Amino acid sequence: MAVQTQQETKHINPFESDEDSGQNNGRKRTARKKEAKPLRPYQIGLAVLACIVSLAVGRHLRYGTTLFMEHRTLDGYLPIEEYVLNYSDNHEPTQNVRSFHLDSYNVYSDRDHYETSRGIKYGSTWEEFVEAYGDETIYSASSHPYKEDGYIDWDAEGQYFNGIYTVREFDEQFVKTGQINPETDGIDLEFDAETDGFKILYSESEKEKYYRDYDHSHVLRSYPSNRRFYLEFDFIPSIATGQPGLTVDSIYSSSYR
């Protein structure tokens, strides 16, 4: 008698995951790691250019402008704000001493439009100048004789005054004693200050200390190249004007490095 056998039917589990299925088949899937793309040459170039531009802008802001100068004065020295001239009509400053760019002024041909912060201008007398600036320290001073025709006698030897004097001390020691003759001798007198972009240097001792202690391994410059401010007065004697005493003939306000 023939025996009929029932063939076993294979049932598929719909809940079986692909992973399980893969494991059953002895297979493992591994996730591929995403590889980083190398920088292209133009991207490297742009990054280098950005660094150079940032360095140049930072250097200009630090050394090429006066935006970040400290707000400081020193007794006996002309404040940095007063190196800028004023308009004569409204007595307002011609520009901000803390700016991207400072213009220099030579008040000789355009005499009637400018004056100093203390009201000294073309035609002011020596006495008025001493009254206004008597307590401020002079940076340099010299005297030159004039000829009868009203011009400097370049063949004659001038006087150069070394030492630290206030305007009043200079007046007492050299003008009132007759060493400088207001009738025949002119005077060139100058105030000076420096800045490294942040710190203001007024006195000679401050400048000496700054240069002595300067770090010569500085990243942006190996030696200090400070900006200097000058306010200079040129006085002419009575032989050149026909008026008694010394008077202001020109004023120079300058700033450069």
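Got a sec? What order do HIS144, HIS101 fall in by accessible area at 1.4 Å, biggest, i.e. largest, first?
HIS101, HIS144
Which part of the stretch 99-129 falls in the paramagnetic zone of LYS176, meaning amide N under 19 Å from the point 7 Å along Cα-to-beta-carbon?
Answer for this model: 125-129.
List, in order, the whole-Hz ³J(HN,Hα) value for each residue of the stretch 145-151 obtained from phi through the Karplus relation with A = 6.51, B = -1.76, C = 1.60 and θ = phi - 60°; use x for Gly and Pro.
Running phi through 6.51 cos²θ - 1.76 cosθ + 1.60 with θ = phi - 60° gives x, 10, 8, 5, 7, x, 10 Hz.
Calculate, for the stretch 57-169, the solvent-accessible area per residue in square angstrom, rolling a 1.4 angstrom probe over the heavy atoms of the protein chains.
For the stretch 57-169, the solvent-accessible area averages 58 Å² per residue.
How far, in nm, would the chain grow between HIS101 and GLU169 when pulled straight, counting 0.36 nm per residue and subtracting the alpha carbon separation?
In short, 21.0 nm is gained.
Counting other Cβ atoms within 10 Å, keep those with at most 13, restrict to DSSP loop, and tell me which chymotrypsin sites (Phe, Trp or Tyr not before Pro) in the stretch 150-257 are left.
Those that pass, being in a loop and sparsely packed, are TYR151, TRP154, PHE198.
Which cross-chain or sequence-distant (5 or more) residues have an amide H under 5 Å from the amide H of SER124, H modelled 1.01 Å from N in plane?
For SER124, the qualifying residues are VAL248.
Enumerate by residue number the GluC sites (Glu not before Pro) in the stretch 136-243 meeting two conditions: DSSP loop (anything except H, G, I, E, B), and at most 16 other Cβ atoms within 10 Å of the site's Cβ.
Sparse-neighbourhood loop GluC sites (Glu not before Pro): GLU148, GLU157, GLU183.
If you take the alpha carbon radius of gyration of the stretch 143-212 and divide it by 2.2 N^0.38 Å, what ratio comes out, to two decimals?
1.47
The values are calculated or read from the model by the stated rules, or taken from the named source; none is laboratory data. What you see is a predicted model; the values in this text were computed from it and never measured. Glycine also receives a Cβ, built like all others from the backbone with ideal geometry; neighbour counts cover every protein chain displayed. Only protein heavy atoms, including side chains, enter the accessible area calculation; ligands, DNA and RNA are left aside. Shrake-Rupley method; radii C 1.70, N 1.55, O 1.52, S 1.80 Å.
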